[in-house]
1. For segment 767-781, which positions are loosely packed, with under 14 Cβ neighbours inside 10 Å and of a type in the set (A, V, I, L, M)?
2. Name the residue that is farthest from residue 555 (Cα to Cα), counting only residues in segment 300-319 that are assigned to a helix (DSSP H, G or I) and hydrophobic (A, V, I, L, M, F, W, C).
3. Considering every residue within segment 807-824, establish whether at least one is surrounded by fewer than 19 Cβ atoms within 10 Å (Cβ to Cβ), without any contact (Cβ under 8 Å) to a residue 60 or more places away in the chain and more than 38 Å from the chain's Cα centre (by Cα).
4. Considering each of 1395, 1403 in turn, give the residue that is over 27 Å from residue 1226 (Cα atoms), in a helix (DSSP H, G or I) and open to solvent by less than 60 Å² (accessible area, probe 1.4 Å).
5. What's the number of the condition residue 1024 fails, among (1) open to solvent by less than 10 Å² (accessible area, probe 1.4 Å); (2) farther than 18 Å from residue 735 by Cα?
6. For segment 295-309, what are the residues that are closer than 19 Å to residue 251 by Cβ and of a type in the set (Lys, Arg)?
7. Taking residue 1399 as meeting all but one of (1) at negative phi; (2) free of Cβ contacts under 8 Å to residues at least 24 places away in the same chain, write down the number of the exception.
Amino acid sequence: MPTPRKPSARQQSPFEESPYPPIAEQFDNMEFSDMAPNFGGTRPQSLQTDVSDMDSIMKSPVMDTFEFETGPYASPGSSRVPSGPGLPSRPGPTKATNPYRQTTPKLSDAFERSIEYSEEPPDASRDPPHIQLHLPDNHTGHEGDTMKRHRWGTQRTKKGKPAGMARSKTLRWKRQTSQKPLSRRNSTDHVDEDESDDENDRKNELRTIYFNLPLPDDLLDPSTREPVATYPRNKVRTTKYTPLSFVPKNLAFQFKNVANVYFLILIVMGFFSIFGVPNPAVSAVPLIVIVVITAVKDAIEDSRRTLLDAEVNNTPTHILQGVENANTSDDNISAWRRFKKACTRGVVVTFRYFNGVFTKDGRVQRTRDKEEAARKDAPRKLFQRDSFDSYMSDDRRKSFQMADLSNPFTDSNAVNTILDPSLPLDTSVRFRKLYWKSVKVGDIVRIHNNDEIPADVAILATSDADGACYVETKNLDGETNLKVRQALKCGGRLQRAADCSRMKFWLESEGPHANLYSYQGNLKWERGEVSNEAITINNMLLRGCSLRNTKWAVGIVVFTGTDTKIVLNAGITPTKRSRITRELNVSVLLNFVLLFVICFVSGIVNGVYYARKNESRQFYEFGDIANGAAANGIVGCFVAVILYQSLVPISLYISIEIIKTAQAFFIYSDVLMYYARLDYPCTPKSWNISDDLGQIEYIFSDKTGTLTQNVMEYKKCTINGITYGRAYTEALAGMRKRQGIDVESEGARERELIRIDKDVMLEKLHAINRNPQLTEAKVTFVSSEYVDDLNGAKGGYQQKCNEHFMLTLALCHSVIAEPSKTDPDKLVYKAQSPDEAALVGTARDTGFTFLLRTKKGLVVNVQGEDKEYQILNTLEFNSTRKRMSAIVKIPSANPSEPPKALLICKGADSIIYSRLRKDNDQDLLERTALHLEEFATEGLRTLCIAQRELSWTEYEEWNRKHEIALAAITKREEKMEEVADSIERELILLGGTAIEDRLQDGVPDSIAILGQAGIKLWVLTGDKVETAINIGFSCNLLGNDMELLVIKTEGEDIARLVDGSQEPKMIVDALITKYLAKFQLQGSMEELVAAKGDHTPPNPNFGVVIDGDALKLALQGETQRKFLLLCKQCKAVLCCRVSPAQKAAVVKMVKETLDVMTLAIGDGSNDVAMIQAADVGVGIAGEEGRQAVMSSDYAIGQFRFLTRLILVHGRWSYKRLSEMVPCFFYKNVIFSIALFWYGIYNDFDGSYLFEYTYLMFYNLAFTSIPVVLMGIVDQDVSDVVSLLVPQLYKTGILRSEWTITKFWWYMGDGLYQSVISFYFPYLCFYKGFVGMDGLTRDHRFWMGMYVATIAAAACNIYILFHQYRWDWLLSLLVAVSILLVFGWTGVWTSFTSSQEFYNAASQVYGSASFWVCLFVGIMACILPRFAYDFAQKLYFPKDVDIVRECVARGDFAAYPLNYDPTDPDRVKISDYSRGKSMDAPRMSMSSDVSSMVTATVGGTDLNITRPNRSTMLSGYGSPSLFETYGEGFPEAEARTSLERTRRSMAEERGPMRRSMDRPRTSLEIPSVTTAVGLIKTLSNGRQVL
């Protein structure tokens, strides 16, 4: 490890000791008011001015929004004492000097202030009088003791919206109201040409909401005087059925099966005697059983959704009562609706009763409910507040705890608020606790901290002093970081519920649409003239979000129920049917065609027979049934339909339902998919699509909470050019694995060293300070070396560097500290970003604990001592700025001298490097850049920390611009950004941090295994591009040798790839076309048709990265076809910043265009749309919400369980059903066609060859058990082998197990065996014979016994031969099924009730001819198929046949039972065993699958590419110096310096870990951190400066 470097003579380090005496010693003698901005009676530059200066300021247009409380420009009614004739001004700064070379403040020594919590708070009156500016946007002005925030909390781009997003620039308001527009610009408003035509986009359906005002006549029905507009209820239903609609809707769904309709018709026909059905009632039993069992299954599936819906709709919320809501009519409940409500209540009560009586948990809950009811009935204490209202008077109570809210308005400014003081105050107005389903458009609702938002609400007021509130939007966009929302300025005076009675306003709103990042509206009120305030998405709380770190928020409901954005993005819960079930209808229709043919033939033959004369029937029959040959032929045709009805097997559907129910039970019972942490097993919610799990080709996954835990862990940092921290990340393990390293042994060794180092580190930290906030189990930054340097091991200089660095992390943030619910003595950090919480948490662990926020700034415990630091300004982070800054006051060592300010800036490494000063230490820059490159190589998220010291004059000048920008009416955001940008320059680099976004357990292994199975994984996330790419590398979805094809709509680097138009749509199309050329494609329709049949793995060297703005354009017109073809050629696809509707659109595009099976997996409400759009939807039961689970088909606890769900249960289900269905058709063809052969010899008169019970029991008992068991328990290979050889799954992707060709082969088998089954007995009976008792054996039922026994026995043996798994149980059941034929015949014929069949068993079974015929017939039936299967497995083996041979040989014997390669705690398999079982056998898996020629059992070959010399010298795969820039390039010298630094660092601490090749990108991606790129950014930034 190198020793700390002292700064050179020409370069002053940011950590150099100050030449001034310690400033901290003077804090005890300073007044508290000295901490305010008016230091020593000196005001900031913006406020120390004379009257002439004020005249010039007052003439400025921006000052129209200011209100002065003192001085000659004081507003009427101002109460503050004037400040006097003028404020003394300090002379301007002397000759400019470099403050960094004079002194660099050390935070822990220079601008800290110890505080005593026992003292009284300072008296604000000690501040000298000053001019108070009332600024718009809830800015508190320059009040001295209040920190100011520079907010862009939810801004997506500089324009406040996603670039290119279709939206109305302004609203085209209805002209029907009598109010005059504020300006003429409304008349020229237009809608963008690329406005979406989506059915959920009803933006132009404008609505006007009135509060405490009557509706205009044009919004009322002239006859009823009721509102014309109707809005949906806030009650949302995700279920498929209701108690009333269940029976008709379920029956309609079931009778979509052609076979069900067919059998219903046959049952009805059977009740007419003309068709000769012996017992029509009995024939109806099978269909009734099928319908009832299916209905019960569907009811159980839907019941959980019903209960979850009831829980959501009955969630309590607070709604304002006492002010009439004129926007909706009174809820007059009709008799029909009352009936429906009664039915629903009845179902709920019945369910709860049975649940409370028959389940243990239900009985416990009933006991709790009784205790709660008894407690509620207890006598109430005086003034005890109930759940709805308060008994306190208004004098003793504030309606929603707003007493401490500072009022930003004076009486003279009352016109700028919606509260009209001239209106009487109605004290009867109260907030009442009601339910979500009771919320209506126009209601005023109150939301408390941690409550979910019941509807889309426009914020009127919050508990925060500046009207801000924090929301968590995880259910909407998957992000758990908190976002800032702002209340409308006009509602700032709202303090009590009674104040709402003084509000009169109307809200003009755009119509509902699904865009989560766009909303436009206007709130208007009138007192003399119409006032207006615009409403944007930043002023909205959307349904599904949760209020965080805010006591309360009050707003007006704009959209309810199905109009809310979350529901518009979710869509309607679809009814899904598996692919085999859908294709089964085709097979059934083909059987219908066959049935029609044989029935048509039967009818014609029978009609011809009745047309012939001189037949015996004329002597023994008295006429005919239909009175005519033609009519008899028609009747004979329908008789044949009933006779051959089993050709379309009704029992097939009930068998499939039984099989799928059993498969769902097996999935639920699989302990290897049980998540113990949440006590959650894999839960099938749709039981009828398990076979679809075995055909998945595309998986669409969310990122946050699905692939990751969304837990950020601080792992490493670089301070003053020295790196600290030990970690073995998932990305590093994946990179090392691709290099051929045994990562299991290396990882175990590294983790053990980390554990030892952590113990040493904690021991040393405790020796420094017994930090009460330190939780050892939560420490993620492990570096005993850092603690040694904190104790001065490398000298006092590095010690101060480390202290200063951690203190900056504890000061520059927006974190809020709250007591832990489990341990009140511990603090929990709530942040807008989990990264920020990780940074502050690490500072806490190392002894710099952030404790609380004050009006002045922050309180930090520094190594056991509480100190307060004044934060003058906070410039917050957003996705456009990619940085955050805090300006801290540094008190002067000499009271007569002005203080200083220190700007601390943290942000993306490229952003910070572009803003550094020229005279930064070059060696420090290069070392830090190389460290950041190393961190990024290991998959860590990097940030840079820098600072800038400001003289007080510089700060005052900047603050004046800041306040003017904040007061701007137009282009406020742009001006604020410009002001912030001006000060966040000329920075001094301090160091960098590295944070790991923790993946869920086993995610990299799962993705790798799914990829080997031929499954393509696309990531659809609402998160940033940078974050998604980092996760892509961490989970091995992206490789270091992969070229990333970037699709975006703007950027300087686009010009070199795209020529011509700068229109975003043309840019996206041109980029896609250019990328397609890499694959020799043009995006034509012919190529798309060819792509549908191409299931080969995509090119592993390419990946696509696209953001939401570009994706919207890529999904339009012909560009969509090109985009799909491009993505199909790439191994990885990352869609970032996409909305829920865009996720669903991508899923539908792939599913419908390529005709493939898709699966979507997510954990939040933002994933519901794509979960419902996919063939199979999987929800992850996260710790923070179950929204995705409610709408999913399968619910799991972790992503890694998806591998087992698909590759094991899915493949088994598909393979079982693919074999069971054709076997079912085959066995029915044998029996039915045998009757047809018999009809040839009786002129198809409809007589039965078999005794009637044979017809009933053939499918019910004789042949049903083996084929059903095949569909339930058959296994070709075990679950362990299925996971170790995922290539076996490709047969499901190709859908080669169930095809029409296979169907016809099995039908042909059945046809052949029906010939054998009938004609072998026929030949025995051809001449007739007499038994030993002298009785003849030529009765048709006797012959039917021969035929039925041969058919049943041959069928069961045939099914046994097609089973992969033979065990004693299956063999026994096959034998029992065959013996049932003999048993039933013997029992039934022993009773006289069998009539003419009486005693047939003893006569037939006592005949030797029967046994000879039976044996020969079975052999003749089975032998051809047996010979074919034997030859196929011997000479043309399939992949599974070879793997089964390897299993039998013992190649997988080393793996224990229930081995799971995705389990991080799996048993370690020795290298010897792995070599024997996995790497040794190289098997030829040649089959009809062209894409799967060879494979390695349990793994893939390691293609290790040795890097060339230039790559090794360039670290993270960056090209060598002269290859990139050439010898004469001006920056060659800088790059040469970087290489020298790299070699120097390698000599100091050994070779740095690096990837073997860097990912190449077609366009710039900020997330790829390289040292060369950072140094280049530094150079470009200096050119800009």
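The values are calculated or read from the model by the stated rules, or taken from the named source; none is laboratory data. Given the structure is predicted, the values throughout are model-derived calculations rather than measurements. Positions of Cβ are generated from backbone atoms using ideal geometry, with glycine treated the same way; all protein chains shown enter the neighbour counts. Please note that ligands, DNA and RNA were not included when accessible areas were found on the heavy atoms of the full protein model with its side chains. Shrake-Rupley method; radii C 1.70, N 1.55, O 1.52, S 1.80 Å.
1. Hits for segment 767-781 are 767, 777.
2. Applying the first criterion (assigned to a helix (DSSP H, G or I)) to segment 300-319 yields 300-313.
Going one step further and asking which of them are hydrophobic (A, V, I, L, M, F, W, C), we end up with 300, 307-308, 310, 312.
Numbers: 300: 39, 307: 29, 308: 26, 310: 25, 312: 20 Å.
In this case the residue turns out to be 300.
3. no
4. Values: 1395 fails: open to solvent by less than 60 Å² (accessible area, probe 1.4 Å).
Answer to the check: 1403.
5. Unmet condition: (1).
6. Scanning segment 295-309 gives a single hit, 297.
7. Unmet condition: (1).
For (1) over 30 Å from residue 517 (Cβ atoms); (2) in a strand (DSSP E or B); (3) not hydroxyl-bearing (Ser, Thr, Tyr), each residue gets a yes or a no:
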site: 903; (1), (2), (3): yes, yes, yes
site: 923; (1), (2), (3): yes, no, yes
site: 930; (1), (2), (3): yes, no, yes
site: 933; (1), (2), (3): yes, no, yes
site: 953; (1), (2), (3): yes, no, no
site: 956; (1), (2), (3): yes, no, yes
site: 962; (1), (2), (3): no, no, yes
